[in-house]
Amino acid sequence: MIAIGFDTSNYTTSCASFDGAEGRNVSRLLPVKPGALGLRQSDALFHHIKRLPELSDSLFASIPAAQIGAVGVSTRPRAVEGSYMPCFLAGESTARTLASALHVPLYCFSHQQGHIAAALYSAARMELLGSSFLAWHLSGGTTELLLVNTEDGEIRCTRIGGTTDISAGQLIDRTGQLLGLDFPAGKALDALAAEDDGKDLFRVRLNGTEFSFSGLENQVRDHYARTQNPAATAGFALRSVAYAVRRATLAAEQTSPYPVVFSGGVASNSLLRRTLSDLDCVFAEPACSTDNALGVAVLTYLREA
């Protein structure tokens, strides 16, 4: 049996397959004009609708229709009341049509649940499903520290920390814009920071496991105005983010001593991974950290298995 997954986030169109052992994800970033910091929802929805047939053709070229046993899709950002973004309608419409045509079950998940599942699969830590663990969702729109319970087979997330204002991804993209990098700026900023051998950072103030990045954004701008050094500014920004995440993780582990799963595009950052390398952390391969439909396909397969 093969499960199919769709995910149409604000910046990436993706579809995937999973057969219980191997998975394949096909995706493309949405086009963003130079200098811009994202897309309007109407534009994102348009580009998803335009891209889905092309990506589906690529995915289904080697999959016999008779082997598809279920279809899954992310329909909202998070599994909480009021969580909604129009861009997910593109994937949901395609998934419902495919499931109806094949007469197979359709399963709906949140984008966040898909991220966590993709991280567990990629890191070969699927045994954590059925237990409790901590998880960071670090992306362009979300910086949340979660207590995850999966004992009943569902990925149930309770927010216990994270940013109170802008996300880590927003800070990274705004830093990238400041330095003249293309959007999204994560990979380019990571590469730029690798050229910096400095150790300076801004110690974000924590309130338990919560913190604010708006003050850090001002510090990053001041740092660049003072130094005019793109690599040093990139390193300063990413070190500050990484150490805020590290300190919040350590605080959470005082009451919830569980493994910590990292998901979302920011979790692919190499400086962040080095900063947390001595802790019990679960990191996905970079391709499974960024927005993808593979986690949705994995969860869909598990529902049918």
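Filtered by the rule that a residue be farther than 23 Å from LEU30 by Cβ and either charged (D, E, K, R) or not in a loop (DSSP other than H, G, I, E, B) (or both), region 51-91 gives ALA65, ALA66, GLN67, ILE68, GLY69, ALA70, GLU81. Pairs linking a residue in region 123-139 that is of a type in the set (D, E, K, R) to a residue that is assigned to a strand (DSSP E or B), with Cβ atoms under 9 Å and 6 or more positions apart or on different chains, are ARG125/PHE133; ARG125/VAL261; ARG125/VAL282.
Listed by first and then second residue, the pairs with beta-carbon distance under 8 Å, at least 6 apart or on different chains, first residue in region 19-38 and within 27 Å of SER167 (Cβ to Cβ), second of a type in the set (Lys, Arg), are ARG28/ARG51; LEU30/ARG51; LEU37/ARG174. Looking across region 244-270, the residues that are surrounded by 17 or more Cβ atoms within 10 Å (Cβ to Cβ) and either free of Cβ contacts under 8 Å to residues at least 24 places away in the same chain or closer than 18 Å to ASP173 by Cα (or both) come down to ALA244, VAL245, SER263, GLY264, GLY265, VAL266, ALA267, SER268, ASN269. Scanning region 215-243 for residues that are part of a helix (DSSP H, G or I), open to solvent by 10 Å² or more (accessible area, probe 1.4 Å) and not hydrophobic (A, V, I, L, M, F, W, C) turns up GLY215, GLU217, ASN218, GLN219, ARG221, ASP222, TYR224, ARG226, THR227, PRO230, ARG239, TYR243.
Yes or no: ILE68 more than 21 Å from the chain's Cα centre (by Cα) and surrounded by 18 or more Cβ atoms within 10 Å (Cβ to Cβ)? Yes, satisfied. Within region 1-50, the set of residues being polar (S, T, N, Q) and not in a loop (DSSP other than H, G, I, E, B) comprises THR8, THR12, THR13, SER14, SER17, ASN25, SER27, GLN41, SER42.
When region 56-88 is filtered for residues that are under 20 Å from GLU304 (Cα atoms), touching a helix residue (DSSP H, G or I) at 6+ places or on another chain (Cβ under 8 Å) and of a type outside the set (A, V, I, L, M), the ones remaining, listed by number, are GLY69, GLY72, SER74, THR75. Taking region 83-105 as the range and being within 23 Å of the chain's Cα centre (by Cα), of a type outside the set (Ser, Thr, Tyr) and open to solvent by less than 70 Å² (accessible area, probe 1.4 Å) as the test, the residues that pass are MET85, PRO86, CYS87, PHE88, ALA90, GLY91, GLU92, ALA95. Within region 271-285, the set of residues being in contact (Cβ under 8 Å) with a residue 12 or more places away in the chain and in a loop (DSSP other than H, G, I, E, B) comprises LEU276, LEU279, ASP280, ALA284, GLU285. Just to be sure, is ILE160 of a type outside the set (Asp, Glu), in a loop (DSSP other than H, G, I, E, B) and in contact (Cβ under 8 Å) with a residue 40 or more places away in the chain? Judged against the criteria, ILE160 is not a match.
The values are calculated or read from the model by the stated rules, or taken from the named source; none is laboratory data. Remember, predicted model here, so these are calculated numbers, not experimental data. FYI the Cβ positions are ideal-geometry reconstructions off the backbone, even for glycines, and counts take in every protein chain you see. Keep in mind that these areas ignore ligands, DNA and RNA; they rest on the heavy atoms of the full protein, side chains included. Shrake-Rupley method; radii C 1.70, N 1.55, O 1.52, S 1.80 Å.
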